[in-house]
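Trainee: Please read through the structure below; I'll follow up with questions.
The values are calculated or read from the model by the stated rules, or taken from the named source; none is laboratory data. Just so it is clear, the structure is predicted and the values come from calculations on it, not from any experiment. Note that each Cβ is placed from the backbone with ideal geometry, even for glycine, and that neighbours are counted across all protein chains shown.
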Amino acid sequence: MSVISPISPADEALAARAQFCRDLALSAGAIARQAFVEGEGRPVGLKGPQDFLTETDAAVERHIRSRVAAEFPGDGFLGEESGGSVEGTGVWVVDPIDGTANFARSIPHFCISIAYVRDGEVVLGAIYNPVLDELHFARKGFGATRNGKPIRVADTRRYDAACVELGWSTRVPNQTYLQVLSDILEQGANVRRAASGALGLAYVADGRSDAYAELHMHPWDCLAGLLLVREAGGVTAPFLELDGLARGGAVLAAAPAIAEGISRATGIPFL
Ligand code: LIP
């Protein structure tokens, strides 16, 4: 007779956070969708060159932060707009609106990105596009889903059939960006940039794109998406291992068969 091993308290606690994370992404997305539909996305300021801030960013982050504090008061919180602390066993890392530049111009390509980091590992990730009502979710070791259905990375094997998204920000010199863009094109791949790194990573996990690269991303932009790609069978370059939670860093996530060539073109190693 097989003995079912009891669920550990840590796994039980994580299971509770997994359901909470999914529900929280949906409730935060409802706030963002209403503002988007009502045309309230106009920027209220610039945090830096090409780095927009809207009232909705702040409102959505307040919602997420307050729900986390109420449900899991002992967890840490790090948000793009209000900052926070990465101390503690478990930390929620949140981008309330990823793709703010799109949101601010009424382009329906933005999302809520929520990651949960426990003991230095991303163990939960939720990316929700409220306009398409698509929730990409992953729990470490349990696979990745879109609206509850399992997803897998693409099995693209030819660069001349590959589509790669190369993220951009003013944190990287234009010449460096252009060189990487040229080197990816030289591989034969198509290159796009859609201005939401989190959705770009979710699309790699979902097989809609074959790789996402960006020479510098903040942790709130990428942690949920990196877990999604790994759980969907993709490969990802080290990020948290390189102090990414505190400093951000380069991001590469790819379908396995084209990963090596994109790593060479971007100069972002997998090991
Ligand atoms: C975005 C990032 C993306 C980057 C965009 C922008 P935001 O974050 O997700 O990686 O390429 O320029 O920074 O600011 O929309 O939350």
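Trainee: Within region 1-26, can you find the residues that are under 30 Å from D119 (Cα atoms) and assigned to a loop (DSSP other than H, G, I, E, B)?
Mentor: V3, I4, S5, P6, I7, S8
Trainee: Determine, yes or no, whether F110 is buried (at least 22 other Cβ atoms within 10 Å of the Cβ) and closer than 24 Å to A257 by Cα.
Mentor: no
Trainee: Assess whether L124 counts as being away from the ligand (no atom under 16 Å from the Cβ), modelled with pLDDT of 95 or more and crowded, with 24+ Cβ neighbours inside 10 Å.
Mentor: yes
Trainee: Further question on the same structure: Report, by residue number, each residue of region 98-139 that is of a type in the set (A, V, I, L, M, F, W, C), within 10 Å of L228 (Cα to Cα) and touching a Ser or Thr at 6+ places or on another chain (Cβ under 9 Å).
Mentor: Those that are of a type in the set (A, V, I, L, M, F, W, C), within 10 Å of L228 (Cα to Cα) and touching a Ser or Thr at 6+ places or on another chain (Cβ under 9 Å): A126, I127, F137, A138.
Trainee: Same structure, new question: Suppose we keep only residues that are in a strand (DSSP E or B) and aromatic (F, W, Y) within region 27-83. Which one would you say is nearest to P130 (Cα to Cα)?
Mentor: F52
Trainee: Condition first: touching an Asp or Glu at 6+ places or on another chain (Cβ under 6 Å) and farther than 14 Å from E165 by Cβ. Now tell me which residues in region 206-240 satisfy that.
Mentor: Scanning region 206-240 gives a single hit, W220.
Trainee: Restricting attention to region 28-48, does a residue exist that is under 18 Å from L124 (Cβ atoms), surrounded by 17 or more Cβ atoms within 10 Å (Cβ to Cβ), under 19 Å from the mean Cα position of the chain (by Cα) and within 16 Å of the ligand (Cβ to nearest atom)?
Mentor: Yes: region 28-48 contains one or more residues that are under 18 Å from L124 (Cβ atoms), surrounded by 17 or more Cβ atoms within 10 Å (Cβ to Cβ), under 19 Å from the mean Cα position of the chain (by Cα) and within 16 Å of the ligand (Cβ to nearest atom).
Trainee: Which numbered condition trips up V122, out of (1) more than 30 Å from L185 (Cβ to Cβ); (2) not in a strand (DSSP E or B)?
Mentor: (2)
Trainee: On the basis of being more than 16 Å from the ligand (Cβ to nearest atom) and surrounded by fewer than 16 Cβ atoms within 10 Å (Cβ to Cβ), does E55 make the cut?
Mentor: Spelling it out, it is not the case that E55 is more than 16 Å from the ligand (Cβ to nearest atom) and surrounded by fewer than 16 Cβ atoms within 10 Å (Cβ to Cβ).
Trainee: Select the strands (runs of 3 or more DSSP E) contained entirely in region 166-254, then report the ones holding at least 2 residues which are surrounded by fewer than 21 Cβ atoms within 10 Å (Cβ to Cβ), free of Cβ contacts under 8 Å to residues at least 40 places away in the same chain and within 14 Å of the ligand (Cβ to nearest atom).
Mentor: Per the criteria, 190-192.
Trainee: Moving on. Could you check region 85-107 and list, in sequence order, the residues that are farther than 14 Å from L223 by Cβ, touching a strand residue (DSSP E or B) at 6+ places or on another chain (Cβ under 8 Å) and surrounded by fewer than 23 Cβ atoms within 10 Å (Cβ to Cβ)?
Mentor: Once the filter is applied, which keeps residues that are farther than 14 Å from L223 by Cβ, touching a strand residue (DSSP E or B) at 6+ places or on another chain (Cβ under 8 Å) and surrounded by fewer than 23 Cβ atoms within 10 Å (Cβ to Cβ), region 85-107 yields S85, E87, G88, T89, A101, A104.
Trainee: Okay, next question. So, in region 97-119, how many residues would count as being touching a Lys or Arg at 6+ places or on another chain (Cβ under 8 Å) and either under 25 Å from F20 (Cβ atoms) or assigned to a loop (DSSP other than H, G, I, E, B) (or both)?
Mentor: Selection size over region 97-119: 1.
Trainee: Right, here's the next one. Which of the residues spanning region 97-119 are farther than 12 Å from V60 by Cα and more than 8 Å from the ligand (Cβ to nearest atom)?
Mentor: Once the filter is applied, which keeps residues that are farther than 12 Å from V60 by Cα and more than 8 Å from the ligand (Cβ to nearest atom), region 97-119 yields A104, R105, S106, I107, P108, H109, A115, Y116, V117, R118, D119.
Trainee: Identify the single condition in (1) out of contact with any Leu (no Cβ under 7 Å at 6 or more places or on another chain); (2) of a type in the set (A, V, I, L, M, F, W, C); (3) away from the ligand (no atom under 15 Å from the Cβ) that C21 does not satisfy, given that it satisfies every other one.
Mentor: (1)
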